[in-house]
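A.B. asks: The structure that follows is given in the form of structure tokens.
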Amino acid sequence: MESAAVSSRALDLLLLLRGSEPDGLGRADQVSYQIETAILMGILTEGDRLPTESALASELGISPITLRQSLAALRTKGLIETSRGRSGGSVIRRQIELTDSELRHKLRDTSTEALRDLGDLRIAVASMSARLAAARADRQNVQDLEDLARRHRETTDERARRRVDSRFHVAISVGAQSSRLTSVTLQLEAELMTLWWGAPADAGREDIAVDQHRAIVQAIRARDDDAAASAAEQHSRSDMEFLIEQHLRLTMQPDEGA
């Protein structure tokens, strides 16, 4: 497997995922969850080489023994492979793909009220992130957003498009130059990745998403904070309305597991 060292940017996002894990996990399981979530979201991708155990343990603020426990759990799941020696280390082996059944059941079993609450938070965070990004984003931040918008437009695989859209939202918060907003955005997008089920992509809806991405990037590039906030709010609102529509569709269908 060809591998390359994970970028410092990806590592920064991995560290900000702390706090996204379910309650009650031990520290080793928390780290495993962080890395799994980073793979699910496409922050870590197949072929990425993690830092050395000592360096990664130091970045995560855990002991090397705890990190080894986390990596062992990931190896058992087939998500990483580890080699020893001077050129050794742990490499991401595969992308995590939730099955259609897993996504469908999770979305169906999440209440409409919970989805609306999640949507309210996502809309508020996305709008404020875009507003701040319009004032603070540097040239590289804008370039990253343009690249992600292009990748989303050109990607035909529905799951891959969803991962790119998630990364687009994270990139807006990065452009806002706020680690707290980025951390919240990462946690929101990680949760949404486990809910995003739908019928095959509607070409019209995908075209709307492409236009919404373009409007957000243009407003941030133009330093128009009101337009950026409005475009980001519209994009998130349409996403969440679609998700709630899919949830309601599922609740009207018979339970396949019954």
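A.B. asks: Would you please list the contacts, defined by Cβ atoms under 6 Å and residues six or more apart or on different chains, that run from a residue in region 3-21 that is within 19 Å of G61 (Cβ to Cβ) to a residue that is surrounded by 13 or more Cβ atoms within 10 Å (Cβ to Cβ) and among the charged types (D, E, K, R)?
C.D. replies: Sorted first by the residue in region 3-21, then by its partner, the pairs are V6/D48.
A.B. asks: Condition first: touching a helix residue (DSSP H, G or I) at 6+ places or on another chain (Cβ under 9 Å), touching a residue at least 12 places away in the same chain (Cβ under 8 Å) and more than 28 Å from L195 (Cβ to Cβ). Now tell me which residues in region 41-54 satisfy that.
C.D. replies: Selection gives P51, E53.
A.B. asks: Condition check: in contact with a helix residue (DSSP H, G or I) (Cβ under 7 Å, 6 or more places away or on another chain) and modelled with pLDDT under 95. Does R93 satisfy that?
C.D. replies: Criteria not met by R93.
A.B. asks: Any residue at all in region 196-204 that's outside any helix (DSSP H, G or I), farther than 17 Å from G119 by Cβ and of a type in the set (G, A, S)?
C.D. replies: yes
A.B. asks: If the requirement is being under 26 Å from L148 (Cβ atoms), without any contact (Cβ under 8 Å) to a residue 40 or more places away in the chain and either touching a helix residue (DSSP H, G or I) at 6+ places or on another chain (Cβ under 8 Å) or not aliphatic (A, V, I, L, M) (or both), which of these qualifies: A38, A57?
C.D. replies: Being under 26 Å from L148 (Cβ atoms), without any contact (Cβ under 8 Å) to a residue 40 or more places away in the chain and either touching a helix residue (DSSP H, G or I) at 6+ places or on another chain (Cβ under 8 Å) or not aliphatic (A, V, I, L, M) (or both) holds for just one of A38, A57, which is A38.
A.B. asks: Okay, moving on. Which condition number does L25 fail, the rest of (1) among the aliphatic types (A, V, I, L, M); (2) at pLDDT below 90; (3) farther than 30 Å from L243 by Cα; (4) in contact with a helix residue (DSSP H, G or I) (Cβ under 7 Å, 6 or more places away or on another chain) being met?
C.D. replies: Condition not satisfied by L25: (3).
A.B. asks: Restricting attention to region 165-181, and to residues there that are surrounded by fewer than 23 Cβ atoms within 10 Å (Cβ to Cβ) and of a type in the set (S, T, Y), which single residue is farthest from S101 (Cα to Cα)?
C.D. replies: This residue is S178.
The values are calculated or read from the model by the stated rules, or taken from the named source; none is laboratory data. All values derive from a computational prediction rather than experimental measurement. With ideal geometry, Cβ positions are generated from the backbone for all residues, glycine too; neighbour counts draw on all protein chains shown.
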